1. Among the numbered conditions (1) of a type outside the set (Asp, Glu); (2) over 22 Å from residue 32 (Cβ atoms); (3) in contact with a helix residue (DSSP H, G or I) (Cβ under 9 Å, 6 or more places away or on another chain), tell me where residue 106 comes up short.
2. For residue 94, work out the one condition from (1) part of a loop (DSSP other than H, G, I, E, B); (2) under 23 Å from residue 16 (Cβ atoms); (3) without any contact (Cβ under 8 Å) to a residue 12 or more places away in the chain it doesn't fulfil.
3. Could you list, in sequence order, all residues of segment 57-80 that are out of contact with any Phe, Trp or Tyr (no Cβ under 7 Å at 6 or more places or on another chain) and surrounded by 21 or more Cβ atoms within 10 Å (Cβ to Cβ)?
4. Only one residue in 120, 103 is within 18 Å of residue 155 (Cβ to Cβ), crowded, with 22+ Cβ neighbours inside 10 Å and within 13 Å of the chain's Cα centre (by Cα), so which one is that?
5. Would you tally the residues in segment 63-91 being out of contact with any Leu (no Cβ under 9 Å at 6 or more places or on another chain) and assigned to a loop (DSSP other than H, G, I, E, B)?
6. Can you say whether residue 153 is of a type in the set (A, V, I, L, M, F, W, C) and in contact with a helix residue (DSSP H, G or I) (Cβ under 7 Å, 6 or more places away or on another chain), as far as the supplied structure shows?
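Where a number appears in this text, it was derived from the coordinates with a stated rule and is not lab data. Since the structure is predicted, the reported quantities are computational estimates derived from the model, not experimental observations. Ideal geometry is used to build each Cβ from the backbone, glycine not excepted, and the neighbour counts take in all protein chains shown.
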Amino acid sequence: MKTKAVIFDLDGTLLDSMHIWQSMNFTSIAKAYAKEVVLKPGVREFLEHLHKNKTRMVLATATDRHLMESALHRLKIYDFFEGIFTCSEVGSSKHRPVIYEKAAELLGLENSEVWVFEDAYYAAKTAVAAGFRVAVIYDKWEYMHFTEQLGEVYIKDYRKIDLSMW
């Protein structure tokens, strides 16, 4: 079955950025997004593959818009996404499925037709409970690693994804 759409988390999922939240103040974090944060290995190629195959993509992130947009533009991935949803803008954390449901609504799809890519255990658990298909993304900075089978796919390295599935 062709993948219709993917809702991506940002930090720890697409961006190698979780380390900046461990040790920097807000000013340093803003500078890091503007100048230093990089994509996780293989992300650009994966996004290009999805785009080429007309898979629709949306971002759903806990990071404030003004921080992440500079990184998205600098890394030249902003235009891959039809929409960006932030927890602050939707008024809910990822402990509730509001952000994912709003993204699915924008896409005009049922939850079960949409993949959610997440590195955070609690967020992946929320998406699974709301009926989304979930791809768990490994990130060494995630404080609570997955101790149970959660989601349909576990991705440790984007460079090793079987692209025929997507």
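1. (3)
2. (3)
3. 61, 63, 77
4. Working: 103 fails: within 18 Å of residue 155 (Cβ to Cβ).
Step by step, each of 120, 103 is checked, and only 120 is within 18 Å of residue 155 (Cβ to Cβ), crowded, with 22+ Cβ neighbours inside 10 Å and within 13 Å of the chain's Cα centre (by Cα).
5. Counting residues in segment 63-91 that are out of contact with any Leu (no Cβ under 9 Å at 6 or more places or on another chain) and assigned to a loop (DSSP other than H, G, I, E, B) gives 3.
6. On the way: of a type in the set (A, V, I, L, M, F, W, C): yes; in contact with a helix residue (DSSP H, G or I) (Cβ under 7 Å, 6 or more places away or on another chain): no.
Judged against the criteria, residue 153 is not a match.
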